[in-house]
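Below is one structure, written out as structure tokens; the observations come after it.
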Amino acid sequence: MTDEAIRATRATHGSALVALPDLGHFERRSLRGYSPEQAEKACSIPLPLNRGVNGRAYQTQRIAYLSDVRTDPDYFSLIPETRSELAVPILRGGQVLGNLDLQSPR
């Protein structure tokens, strides 16, 4: 899924995020386009369910998009080249299971 979404959107980085409501954060999975060091760092830092573009997609159950991540005070800069980010919630039965997160330097 992540690979196909990256190709379709021409994103440079992407990941599948699994929502862990009991812990209050996402777990990153299926990271694509990240260096091994970036992937290790990303997996070691919790991504809250209530902050940033992914938090908005989770909370609203709607696609969230940032055309310039530098305008979002909650943006966590893991990939310095990232300028835009797209978060697509993955729903089942009205519940968000996680998000598909895509990032691009454009």
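Below are the figures for this structure:
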{"quantity": "Answer from ARG51, ARG62, ARG70, ARG56 - the residue that is under 12 Å from ALA87 (Cβ atoms) and out of contact with any strand residue (DSSP E or B) (no Cβ under 8 Å at 6 or more places or on another chain)", "calculated": "ARG51"}
{"quantity": "Every residue from region 34-54 that is assigned to a loop (DSSP other than H, G, I, E, B), closer than 20 Å to LEU23 by Cβ and touching a residue at least 24 places away in the same chain (Cβ under 8 Å)", "calculated": "ILE45, LEU49, ASN50"}
{"quantity": "Matching residues, region 60-75, being over 23 Å from LEU23 (Cα atoms), of a type outside the set (S, T, N, Q) and surrounded by fewer than 17 Cβ atoms within 10 Å (Cβ to Cβ)", "calculated": "TYR65, ASP68, ARG70, ASP72"}
{"quantity": "Hey, ALA57 modelled with pLDDT of 95 or more, out of contact with any Phe, Trp or Tyr (no Cβ under 7 Å at 6 or more places or on another chain), surrounded by 15 or more Cβ atoms within 10 Å (Cβ to Cβ) and part of a helix (DSSP H, G or I) or not", "calculated": "yes"}
{"quantity": "Any chance LEU97 is open to solvent by 20 Å² or more (accessible area, probe 1.4 Å), over 16 Å from ARG29 (Cα atoms) and aliphatic (A, V, I, L, M)", "calculated": "no"}
{"quantity": "Checklist (1) open to solvent by less than 40 Å² (accessible area, probe 1.4 Å); (2) of a type outside the set (Ser, Thr, Tyr); (3) modelled with pLDDT under 85 applied to ARG28, failing item", "calculated": "(3)"}
{"quantity": "Filter result for LEU78 (open to solvent by less than 30 Å² (accessible area, probe 1.4 Å) and touching a strand residue (DSSP E or B) at 6+ places or on another chain (Cβ under 9 Å))", "calculated": "yes"}
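The values are calculated or read from the model by the stated rules, or taken from the named source; none is laboratory data. What you see is a predicted model; the values in this text were computed from it and never measured. Backbone-built Cβ (ideal geometry, glycine too); neighbour counts: all protein chains shown. The protein model used for the area step is the full one, side chains on, heavy atoms only, and it has no ligands, DNA or RNA in it. Shrake-Rupley method; radii C 1.70, N 1.55, O 1.52, S 1.80 Å.
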